[in-house]
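The values are calculated or read from the model by the stated rules, or taken from the named source; none is laboratory data. Given the structure is predicted, the values throughout are model-derived calculations rather than measurements. No Cβ is skipped: glycine too gets one built from the backbone with ideal geometry, and neighbour counts run over all protein chains shown.
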Amino acid sequence: MKHILNIFLFLFFLHSINLHAEDNQGESLFKQHCASCHGINTKLIGPALKDIHLKYDRDWLYNWIKNSPAMINSGDEQAIAIYEEYNKSPMNVFEGILSTEDIEKILLYVESSDSGQNNSSLGHQTGEEENDNKSIMFLIMMIMIFGLLIFILDNVKNTLKSVAKEETETIPQFLYKTSLMLSKNKKFLFMTFLLFIVLITNAAWHGMSSVGVYDKYQPEQPIKFSHKIHAGDNGIDCNYCHHTARESKHAGIPSANVCMNCHTFINEGSIDGDKEIGKIYEAIGFDPVSRTYIENYKTKPIKWIRIHNLPDLAYFNHSQHVNVGKLECQTCHGPVETMDEVYQFSDLTMGWCIDCHRTQDVQYDENKYYENHLTKINNKSKHVHVEDIGGLECGKCHY
Amino acid sequence: MKKKYWKSIEQTKNNNLELHKEFADKIPIEKIIDNKNNFTASRRDFLKLVGFSTVAATITSCETPITESVPYLVKPEEITPGNANYYATTFDDGYDFASVLIKTREGRPIKIDPNYEARSLYDANSRIQSSLLSLYDSYRLKSPVNQKSKELNISLEDYFRNLNFDLSSNKKTVFLTSSFTSPSLNNIIKDLKLKYPNFEIIFYDPISYSGLLDSYDEMFGVRALPNYRFEKADFIISIGADFLGEWLNFDHSEGYASKRDPDNKMSQHIHFESNMSLSGSNADKRYIIKPSEKVSVLTNLYNIIAKSFGEKQINSQSCKYDAEIKLLAAKLIRSKGKSIVLIDSSDKNLQNLCFKLNMLLGNINKTINIAEPLFIKKGDDNKFNILLNEMLEGKVESLIINDVNLFYNFYDQNKLKKSFKKVNVITQLTLKENETSPFVNYIIPKNHFLESWGDSNPKNGMYTLRQPVINPLFDSIQVEDFLLKLLGNSKNYKDYLKSFWKKSILQSTTNWNQVLHDGFYFSKQKLIINIKNNLDINYTSKNIWLNHSDGGLELLLFANHLGDGKMANIPWLQELPDPINRTCWDNYLCISKNLADNLGLKNKISADGQLDGDIVTIKSGKLELSNIPVFIQPGHSDDTVSLSFGYGRTKSGKSGDNVGVNAFIFYKNFISEYSGIEIIKQETSPHKFASVQLAHTMMGRDIVKEATLKEYKKDKFAGNHPENLHTPEGMKHVENISLWKQHDYNDGHLWNLAIDLNKCTGCGACVTACHIENNVPVVGKSEIRKHRDMHWLRIDRYYSSDMTMEKAESLNEDDNPNNDIGLVKKYKLMEEPSQNPEVVFQPVMCQHCNNAPCETVCPVAATSHSKEGLNHMAYNRCVGTRYCANNCPYKVRRFNWFNYKDNDDFDFNMNDDLGKLVLNPDVTVRARGVMEKCSFCIQNIQKAKLDAKKENRKVKDGDVKIACENACTTGAMVFGDVNDKSSKVHKEKQHERSYNLLASVGTRPNVFYKTKIRNKKDVS
């Protein structure tokens, strides 16, 4: 028995080490700095990087990546040839951004992905699903074992009783007897009834207060857009796409032309990327083969499903919170950068708003708006909460 | 003795038993039950229904609603969803003119505001603001119609391909249009005339200023309207000209109001008129005359002044005000160069004489700006009459009608029908079908002004641009493009306009984009105007009396806020109460009380607490107009009745049709005065008015505080003495007595609104602005009749009474017991307006009391006070007890008796997919059962604060513009933060004239008023 346990433990460790090794720094660097212009197997703005280590010399590559315009100016033939080939669009300068070690890591990643081993995230996902199934199986097993245990113990008890010449009773007999006895006990009946009422009230209360509360709401979107890949893996700032969050009451769903800033060139992804990116092209009328917009195309606007729905009677302004209040998006929207499919993180109830307004500090010293303002509150305590400047008043959100 | 209050004049007059009955008629309960035979729902049925509806409601409420969110595919650079964009453009429909700012949200226009930067001609009155809704009118024509072949929905290409008239034929093609001042359109027409010599343009104004235009042409050599500069006038005499109301449709009120400051050489305004107009009610002294007496007033005035200047006198007749006219003439001479005399008349001779009078008084180039006359009206009665005759003679091949609705506003419909039949092809360019449409061959939908490019030259030297703020909603074309196509020019009008401006109007250094951004351009190139002054005084003397004969009972036609009736289908305008009569959704025959008594006509308060009026027919020769309700108007001439234009439309749309009667029937030869009228009482059940104010006077209370200029000069607190109350510690000022703990306003903002009653003319632009900004629903006539109007802001009107508190007391304390009038009679007399009452206007909105009576009685705390002095109203918290409205001393809270949105019983713009686009997305649309009221446009306050925070600065004075204040071009309203010591409103609050409404109640409002001061010097 002990041996078997040891083997299990060993296998588990092995598995975790394996996972750790797969966590490739080169991949993330590649995605962060290169992927917007280069594909591994496809041409984007820049050339495909497959077999790049065979075509060019390592030192040349270091120099080129760090400062390509300098190489072109110095008259390097290879450099000029690439520059001419790609319509004289220069590559970004990475001097000071990427160290030689970083570049080496990226190149190693490119070499390794040449041989077609990728999609680690896919494997990871199925693994998770298996884990889920396993835990359910485990539960069922446990229930069965305990049932068996009760049965055996009962049998043992009865055997012992018969040995002791006592009156034996089966489980159903026992249950019947006890319930008969309890049903005559008024106190018990009263308590049960009370408990029942309390439970019902409790359930009704929670049921009622959750009417119209849709946290964890996770509708299927017309395009399987993954915030995890964009905001998480590739580290794109929220404000890049949702830039109106700083200026307006709406954070805004980015218009398709914002997608096209990158997806003019990036037209394939790891899982369903090709299909899903194709949906943008279909909406806006872009031909990915010739890389041109189709003229007189009848565009098909994308109908996203709105997840965060505040009722019309409440006024909420993103810029007030993001720009003035300097809140992080995640405060209300949760760890969006880890979500493949976005769900509503907060319950968006008034209680939730108010709780935050009671505890959240105002950017009091930083913003000149508050100059000579609310001096009394300022003297009272160092912290000025939203509440102190009237953040709990009805008319601040309801008009 | 118990006090007794009367509701109306009628009530005081007779002790009719009907008045003491609580219900007019027995409530026909049996009938109701009869109508619903199965009135016997069993208990089981009831339970079934309750059960079913509860389950249904629960199930539906639990469902997660799926809301789609559709972003732009390619977002326009200037649009940020959630933020408003403003565009400067020009409103110019031939009746009104203004340089305006359009507020758009996500590309749809939601508000029209004055463009203050234009410095001139920016007054967006109620009509101009409401014109927004005509964009979203579901009655708009969606595509061209060929009525000849009964072919609906032809395309514009079809129309031009099969153009059924020949422009180059030797018969005429006439472009009949409402007035416009567009230089580029004029250029297109010039080209058309060059190419087709038989092309002609005729201007038609439904309410004509032809006489004045001709007179100006004769005196100053250009056919234009005079540009009066009231800001330079110390002494104003108006003879029937309602210059603050509809006369010339030009923003005179700003200049006028700037001279109504008692601290700074206040002007004096004398008004002669027959009906009670907006200008008359603002006058310092008002004289009642018949319309035919205008001549004698002017000639007498002229003669006295001519005599003193040694000029030739003219024929005159004595009139009842000769003694007063002498005084006025003397004062006119004293204020030489600083006065204005104006007269409303379609008679050229009278206008000539009036200009001559102003010349003698040295007003030319001082108070009348001759160098910058107004071109906003072009109508020519003679040319139009000639056109009609030519049409009858068959000389017209084709007629293109632009925005003219002849079959509504031309008096002789028979002649029109005959002459229309003689024209080969008639094309109508219009926003929507109207009364004229059945008589034309083609109806072409025209772009709304918010969908069009354009320009205008409203006054000499000023040019404005019009730009589209939304793509055309339907298959429509703008007039200019239509004419360019006729001309065979392939250019579109936008490019044409741009190149025309660059060539002809802009200086080479001026940037087109800048002008487009500003919306206006002042050019140094001006028409040079020389005073002609070749008035033949003998000719005038002979002819001036020709058209004016005193013929018994006279009829005066006038325009109110509905103007010429073009916008009758806009429910906002219909529901805006007339500033004087406080009645909406109607026009009526205004008559004086004496005349009504003589004719046996009555207005009475019916048992449902509203006004009922007798119905009459007016007749003169062959002309007859029936079913006109009678409205008894204090201060009306006894020998005159008056009726307003703009009503009685039959093909305008769901809101405008069959409201009132069409007064244009009597607008014979474009003369608004008519003598020899006969009034016949119709024996029908009385007309039901929808009046929002039935009280006439203030009943001796200090609601509007008043003083004369003389009193004010002596004592700055005249009429506004501090209100003290008895307390156990002796007399105390109301500000020092309170049951309540006071709010702490030492920090942050304290928003206040100042309303200067001297500057408020009562025009109602603020009411409309508030209506539009805050998604206030339109409730319709029957609801208004139940006093369920929803206006957040109302303008109360009070008449003065001959009986005052002081007078009654002095009579009662008199030694002579015969004079004792007693309490009942005192109040009875105080309720009655004088024969010629003084009028005051008072805008009243939520006063945002610091000790708010509404807040203390709300059982659910739905209305509460903010740190910034605002009285908040949380609609979603309100359960509709209406305690707050009952406890409000100012009666400014409005209750939503129904869902006014998506409700067929309220079939106005909110029951209409297109009409709903006008709603302000920042303001909740209220549901049934909640209370609402003025919020001080809290959405604008919050926005200004947020903008300041975003820009890392303090809120500046003037950052917050609330809708009413922004619409008020006279500057009567000033909004701001009184805690900001440099703000305008802070200064206003310190002023001696400022007071709180009903201060003795102790509510301590954040709205304050400034005493009304009248300049009665020398004339009272």
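When segment B:810-841 is filtered for residues that are part of a loop (DSSP other than H, G, I, E, B) and within 21 Å of B:Arg582 (Cβ to Cβ), the ones remaining, listed by number, are B:Glu832, B:Ser834, B:Gln835, B:Asn836, B:Pro837, B:Glu838.
Residues that are touching a residue at least 40 places away in the same chain (Cβ under 8 Å) and of a type outside the set (A, V, I, L, M) are absent from segment B:506-513 altogether. Within segment B:572-585, at least one residue is among the β-branched types (Val, Ile, Thr), within 24 Å of B:Val840 (Cβ to Cβ) and in contact with a Pro (Cβ under 9 Å, 6 or more places away or on another chain).
The helices (runs of 4 or more DSSP H) falling completely within segment A:328-399 that include 3 or more residues that are away from chain B (no Cβ under 13 Å), under 29 Å from the mean Cα position of the chain (by Cα) and modelled with pLDDT of 85 or more map to A:329-333, A:350-359.
Does any residue of segment B:776-795 turn out to be within 14 Å of chain A (Cβ to nearest Cβ), buried (at least 20 other Cβ atoms within 10 Å of the Cβ) and not small (Gly, Ala, Ser)? Within segment B:776-795 (the criterion being within 14 Å of chain A (Cβ to nearest Cβ), buried (at least 20 other Cβ atoms within 10 Å of the Cβ) and not small (Gly, Ala, Ser)), the answer is yes, since at least one residue qualifies. Residue check: A:Met260 meets all listed conditions (1) touching a Phe, Trp or Tyr at 6+ places or on another chain (Cβ under 9 Å); (2) modelled with pLDDT of 85 or more; (3) assigned to a loop (DSSP other than H, G, I, E, B) but one, namely (3).
Look at (1) within 10 Å of chain A (Cβ to nearest Cβ); (2) more than 36 Å from the chain's Cα centre (by Cα) and you find that B:Gly82 fails only one, number (2).
Out of B:Asn424, B:Asn447, B:Asn414, one residue alone is crowded, with 22+ Cβ neighbours inside 10 Å and over 15 Å from B:Ser184 (Cα atoms). It is B:Asn447.
Count of segment B:924-941 residues, restricted to those that are more than 29 Å from the chain's Cα centre (by Cα) and at the interface with another protein chain (Cβ under 7 Å from one of its Cβ atoms), is 0. The residue pairs whose first member lies in segment B:187-202 and is closer than 20 Å to B:Asp381 by Cα, whose second member is charged (D, E, K, R), and whose beta carbons are closer than 6 Å, counting only pairs six or more residues apart or on different chains, are B:Phe199/B:Lys193; B:Glu200/B:Lys172; B:Ile202/B:Lys383. For segment B:942-956, filtering for residues that are facing another protein chain (nearest Cβ under 7 Å) and of a type in the set (Gly, Ala, Ser) leaves 1. If you take the residues of segment B:470-486 that are among the aliphatic types (A, V, I, L, M) and farther than 17 Å from B:Lys498 by Cα, which of them is modelled with the lowest pLDDT? Looking at residues that are among the aliphatic types (A, V, I, L, M) and farther than 17 Å from B:Lys498 by Cα, I get B:Leu486.
Taking the conditions (1) assigned to a strand (DSSP E or B); (2) hydrophobic (A, V, I, L, M, F, W, C); (3) farther than 21 Å from B:Gly240 by Cα in turn, B:Leu342 satisfies each one other than (3). Here is the figure for segment A:280-296: residues that are more than 10 Å from chain B (Cβ to nearest Cβ) and either touching a residue at least 40 places away in the same chain (Cβ under 8 Å) or in a loop (DSSP other than H, G, I, E, B) (or both) total 7. Checking B:Glu806, B:Glu838, B:Glu813 one by one, the residue that is surrounded by fewer than 22 Cβ atoms within 10 Å (Cβ to Cβ) and at pLDDT 90 or above is B:Glu838 and no other. Before we move on, is A:Asn133 at pLDDT below 80 and within 30 Å of A:Leu61 (Cβ to Cβ)? Against the criterion (at pLDDT below 80 and within 30 Å of A:Leu61 (Cβ to Cβ)), A:Asn133 does not qualify.
One residue stands out among those in segment B:731-756 that are within 14 Å of chain A (Cβ to nearest Cβ) and surrounded by 11 or more Cβ atoms within 10 Å (Cβ to Cβ): the one that is nearest to B:Arg260 (Cα to Cα), which is B:Trp751.
Does segment B:104-121 include one or more residues that are within 14 Å of another protein chain (Cβ to nearest Cβ) and in a loop (DSSP other than H, G, I, E, B)? Yes, that holds for at least one residue. When you check A:Lys326 against the structure, is it in contact (Cβ under 8 Å) with a residue 12 or more places away in the chain, exposed (fewer than 14 other Cβ atoms within 10 Å of the Cβ) and over 30 Å from A:Glu220 (Cα atoms), yes or no? The answer is yes for A:Lys326.
Could you tell me whether any residue of segment B:386-393 is part of a loop (DSSP other than H, G, I, E, B) and either over 30 Å from the mean Cα position of the chain (by Cα) or under 27 Å from B:Ile201 (Cβ atoms) (or both)? Within segment B:386-393 (the criterion being part of a loop (DSSP other than H, G, I, E, B) and either over 30 Å from the mean Cα position of the chain (by Cα) or under 27 Å from B:Ile201 (Cβ atoms) (or both)), the answer is yes, since at least one residue qualifies. Please tell me if B:Val892 is assigned to a loop (DSSP other than H, G, I, E, B) and either closer than 30 Å to B:Gly762 by Cβ or more than 31 Å from the chain's Cα centre (by Cα) (or both). Taking the combined requirement at face value, the residue satisfies it.
For every residue, the table says whether it meets (1) outside any loop (DSSP other than H, G, I, E, B); (2) surrounded by fewer than 16 Cβ atoms within 10 Å (Cβ to Cβ); (3) within 9 Å of chain B (Cβ to nearest Cβ).
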residue: A:Pro254; (1), (2), (3): no, no, yes
residue: A:Ile271; (1), (2), (3): no, yes, no
residue: A:Gly278; (1), (2), (3): yes, no, no
residue: A:Pro301; (1), (2), (3): no, yes, yes
residue: A:Tyr315; (1), (2), (3): no, no, yes
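Residues of segment B:280-333 that are of a type in the set (Val, Ile, Thr), more than 32 Å from the chain's Cα centre (by Cα) and part of a loop (DSSP other than H, G, I, E, B): B:Ile314 alone.
For segment A:303-313, a residue qualifies if it is more than 7 Å from chain B (Cβ to nearest Cβ) and either under 29 Å from A:Glu276 (Cα atoms) or basic (Lys, Arg) (or both), and the qualifying residues are A:Ile307, A:His308, A:Leu310. Of the residues in segment B:123-135, at least one is within 23 Å of B:Asn560 (Cβ to Cβ), assigned to a helix (DSSP H, G or I) and among the basic types (Lys, Arg). Note on segment B:200-218: residues that are assigned to a helix (DSSP H, G or I) and among the hydrophobic types (A, V, I, L, M, F, W, C) amount to 2. Scanning segment A:194-249 for residues that are surrounded by 13 or more Cβ atoms within 10 Å (Cβ to Cβ), within 14 Å of chain B (Cβ to nearest Cβ) and charged (D, E, K, R) yields A:Asp215, A:Arg246, A:Glu247, A:Lys249. The listed residues are B:Asn876, B:Asn886, and the only one of them that is more than 29 Å from the chain's Cα centre (by Cα), farther than 22 Å from B:Arg794 by Cα and part of a helix (DSSP H, G or I) turns out to be B:Asn876.
Can you tell me which residues in segment B:401-452 are under 17 Å from B:Ala568 (Cβ atoms) and either out of contact with any helix residue (DSSP H, G or I) (no Cβ under 7 Å at 6 or more places or on another chain) or assigned to a strand (DSSP E or B) (or both)? Within segment B:401-452, B:Asp403, B:Val404, B:Asn405, B:Thr430, B:Lys432, B:Glu433, B:Ser437 qualify.
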